[in-house]
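Quick notes on the structure that follows.
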Amino acid sequence: MVFNQSALSTNTVDFDKNELTIVEVLDDKVEFSTNTNQRITSVLIYDLQGRLVYNLKGNSSKETYNLSNLNSQIYIAKVGFANGETVSKKALKK
């Protein structure tokens with residue numbers, strides 16, 4: 001058996017978690033935005049038990065979604081970008 005470094009490595013993620021902001025705005029809407037030119041292509045929202053509760057699509061660097069079905073608790077958002085990178089971030093739904 002031969003191990004090849006490229007087969008065992010992953011792409012380096014240069015995207016900083018601080019470049020992604022998640023803000024709850026009016027009427028149960030939540031805004032996901034980045035201060036880079038990267039397009040948000042997907043937003044997956046998980047509860048703390050690991051269950052997928054939302055699978056959302058995007059097409060710009062700023063997306064707003066109606067998340068009225070979420071209870072007030074902590075969730076994990078896994079945001080995918082057009083360049084293939086993903087960022088996971090915890091957020092509190094009020």
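The values are calculated or read from the model by the stated rules, or taken from the named source; none is laboratory data. Please read these numbers as outputs of a predicted model, since none were measured by experiment. Cβ sites come from the backbone with ideal geometry, for glycine too, and all protein chains shown count toward neighbours.
Looking only at the stretch 17-35, count every residue that is part of a loop (DSSP other than H, G, I, E, B) and in contact (Cβ under 8 Å) with a residue 12 or more places away in the chain and tell me the total.
Going through the stretch 17-35 one residue at a time, the tally reaches 4.
Looking only at residues in the stretch 71-94 that are assigned to a loop (DSSP other than H, G, I, E, B) and without any contact (Cβ under 8 Å) to a residue 40 or more places away in the chain, which one is surrounded by the most Cβ atoms within 10 Å (Cβ to Cβ)?
Across the stretch 71-94, the extreme among qualifying residues is 73.
What is the residue count in the stretch 56-68 for residues that are free of Cβ contacts under 8 Å to residues at least 24 places away in the same chain and surrounded by 10 or more Cβ atoms within 10 Å (Cβ to Cβ)?
So the count comes out to 3.
Inspect all residues belonging to the stretch 70-89 and state whether any of them is of a type outside the set (Asp, Glu), out of contact with any strand residue (DSSP E or B) (no Cβ under 7 Å at 6 or more places or on another chain) and farther than 17 Å from residue 25 by Cα.
yes
When only residues in the stretch 25-41 that are exposed (fewer than 15 other Cβ atoms within 10 Å of the Cβ), touching an Asp or Glu at 6+ places or on another chain (Cβ under 9 Å) and modelled with pLDDT under 90 count, which is nearest to residue 66 (Cα to Cα)?
Only one residue fits best here, namely 25.
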